[in-house]
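First comes the structure, then the notes that go with it.
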Amino acid sequence: MSQQQVLITGANRGIGYEFARQYADKGYKVIAVCRNNSKQLTELDVDIIEGIDVTKASDLLRLTESIGDKKIDVLINNAGLLHKDELGELDAGNIRAQFEVNALAPLRVTEALLKNLTGGSKVALITSRMGSIGDNGSGSRYGYRMSKAALNAAGKSLALDLKDKGISVVLLHPGFVQTEMVNHAGDIPPETAAERLMQRIEELNLDTTGQFFHSNGESLPW
């Protein structure tokens, strides 16, 4: 059996780095995509494609050229952006930026790499339960919530559009993870989150495509 290949965006730190490290440890060929490289990432036995801003068409073109015709068994759209948007202090530019990174970019990356996805390939969209309308009990965080809800909608459509090609899609909430994005607050470390998320991806198949899960396996409401 040939070595399986995984591509991860936002792979230089946090959960993305842990995905790269743990998949490499499991024997996967890892393509680590990032805007800015990191010392810890360079120490891994992975292929690094740096300088990729997932919101820019020119960078996505460079990414596809770098990948060529390599098959991607697992595509993990992990890159994300969080701003603190409170009512009365909303910044439309920050909200738009979150839509570009959190909702539009994963869709554009997936489309750009469609030729590399074949029957049996899996696409994981790292979303958040903050994108769940049914689960929202605290309000605020407008740009993040709205952009992740939009990502969830895109993921559901992707699952339907790609099912006939044998490609499955899953929407995954990591949990409250101790990363730079939340100033290292959180309930679990990145290595635990990545391990759980990888288990969910391993379990994914065409029968479960298009669903929204917590990293602990709990099904989340839309």
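The values are calculated or read from the model by the stated rules, or taken from the named source; none is laboratory data. Predicted model only: the values in this text are computed from it and were never measured. Cβ: placed from backbone, ideal geometry, glycine included. Neighbour counts: every protein chain shown.
Details
- A residue that is of a type in the set (Val, Ile, Thr) and either in contact (Cβ under 8 Å) with a residue 40 or more places away in the chain or part of a helix (DSSP H, G or I) (or both) occurs nowhere in the stretch 183-191.
- Here ASP73 fulfils each of the conditions (1) without any contact (Cβ under 8 Å) to a residue 12 or more places away in the chain; (2) among the acidic types (Asp, Glu); (3) surrounded by 13 or more Cβ atoms within 10 Å (Cβ to Cβ) apart from (1).
- Restricting the stretch 1-34 to residues that are more than 15 Å from the chain's Cα centre (by Cα) and more than 19 Å from ASN116 (Cα to Cα), the residue that is surrounded by the most Cβ atoms within 10 Å (Cβ to Cβ): ARG21
- Residues of the stretch 76-94 that are hydrophobic (A, V, I, L, M, F, W, C) and buried (at least 17 other Cβ atoms within 10 Å of the Cβ): ILE76, ALA79, LEU81, LEU82.
- Residue in the stretch 139-147 that is surrounded by fewer than 20 Cβ atoms within 10 Å (Cβ to Cβ) and assigned to a helix (DSSP H, G or I) present: yes
- Selection within the stretch 102-115 - over 12 Å from GLY80 (Cβ atoms) and surrounded by 19 or more Cβ atoms within 10 Å (Cβ to Cβ): VAL109, THR110, LEU113
- Taking first residues from the stretch 193-215 that are on the phi > 0 side of the Ramachandran plot and small (Gly, Ala, Ser) and partners that are surrounded by fewer than 17 Cβ atoms within 10 Å (Cβ to Cβ) and assigned to a helix (DSSP H, G or I), the Cβ contacts under 7 Å between residues at least 6 apart in sequence or on separate chains come to GLY210/LEU160.
- Residue match in the stretch 114-130 (condition: under 19 Å from ALA57 (Cβ atoms) and touching a Ser or Thr at 6+ places or on another chain (Cβ under 9 Å)): yes
- Only one of GLY80, GLY68 that is under 25 Å from ILE48 (Cα atoms) and in contact (Cβ under 8 Å) with a residue 24 or more places away in the chain: GLY80
- Single match in ILE72, ILE126, ILE76, ILE167 (criterion: closer than 18 Å to TRP222 by Cβ and either modelled with pLDDT under 95 or among the aliphatic types (A, V, I, L, M) (or both)): ILE126
- The listed residues are ILE52, ILE67, and the only one of them that is farther than 19 Å from ALA194 by Cβ and either among the small types (Gly, Ala, Ser) or touching a Lys or Arg at 6+ places or on another chain (Cβ under 7 Å) (or both) turns out to be ILE52.
- Yes/no for ASP164 being in a helix (DSSP H, G or I), on the phi < 0 side of the Ramachandran plot and surrounded by fewer than 20 Cβ atoms within 10 Å (Cβ to Cβ): yes
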